[in-house]
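Here the structure is laid out as structure tokens; the discussion comes afterwards.
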Amino acid sequence: MNKRTYRWFPFITALFVTTLVISNIIAVKVVNLFGFFVPAAVILFPIAYIFGDVLTEVYGFSSARQVIWTGFFCNLVAVIAIWIAGLLPSAPFWSAGVFSSSQDAQNAYAAILGFTPRLLIASFAAYLIGEFLNSIVLAKLKVRTGGRYLWLRTILSTLVGEGADSCVFIYVAFIGIFPNNAIAQAIIAQWSIKVVYEILATPLTYLVVNALKKAESEDYFDRATNFNPFLS
């Protein structure tokens, strides 16, 4: 792993983690985007993959691996905190300024912020598999292409990473609940939207990557990297 200290690395890490945690909170709302019914997180979660691309492209896979695990454990802390808060008894006067009783407010809290074990397993597994595949594919393609064709590498890595993410999450979360054709449609819808998102964001990705490479004096190539996700 590259042991250098970078000025902008903590900032990118913070943005990545913030994007991830917020995405999991707003995912409870299902929205209608151009006829596709998808979690509201689809408007924000693809940005986490863009940050993953930036981290891998500039700092290398080892640094990206560190950030992916940081995001995982920060999200776990958020989930535990939300769960404990939901278990605590409500004050009798608490109505959040909206509801007629504290019980109504508590029910609303549970409905919006409550998590089922199945959804948590699906979310965490999809995140780890998708993010690591995205980063590994991008790093290997960078070496194979000699650092050229960033647009192609980010799109191909997104196709693999987001595809795996969508398949794992939808399948684990909804198999046995939704019919198979509905699961397939949901996977294709999420995958398509996320890939289009990545394509549209390509100019911004170029801008951020080039600025960071110049500011950090770094353009890391993973020529001798061990891609085991569980290494420190």
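Being over 17 Å from Pro203 (Cα atoms) and either crowded, with 24+ Cβ neighbours inside 10 Å or of a type in the set (Lys, Arg) (or both) is the filter here, so list the residues in the range 42-51 that pass it. Listed by number, the list holds a single entry, Phe45.
Checked against (1) under 22 Å from Pro117 (Cα atoms); (2) under 23 Å from the mean Cα position of the chain (by Cα), Ile188 meets all criteria but (1). The requirement of being surrounded by 16 or more Cβ atoms within 10 Å (Cβ to Cβ) and touching a Phe, Trp or Tyr at 6+ places or on another chain (Cβ under 8 Å) is not satisfied by Val54.
If only residues of the range 25-70 that are among the aromatic types (Phe, Trp, Tyr) and modelled with pLDDT under 85 are counted, the one that is farthest from the chain's Cα centre (by Cα) is Phe34.
The criterion of at least 2 residues that are free of Cβ contacts under 8 Å to residues at least 60 places away in the same chain and hydroxyl-bearing (Ser, Thr, Tyr) is met, among helices (runs of 4 or more DSSP H) falling completely within the range 83-185, by 102-113, 150-174. All of (1) out of contact with any strand residue (DSSP E or B) (no Cβ under 9 Å at 6 or more places or on another chain); (2) closer than 25 Å to Leu138 by Cβ; (3) not polar (S, T, N, Q) hold for Leu33 with one exception: (2).
The values are calculated or read from the model by the stated rules, or taken from the named source; none is laboratory data. This one's a predicted model, so the numbers in the text were calculated from it and none came from an experiment. Note that each Cβ is placed from the backbone with ideal geometry, even for glycine, and that neighbours are counted across all protein chains shown.
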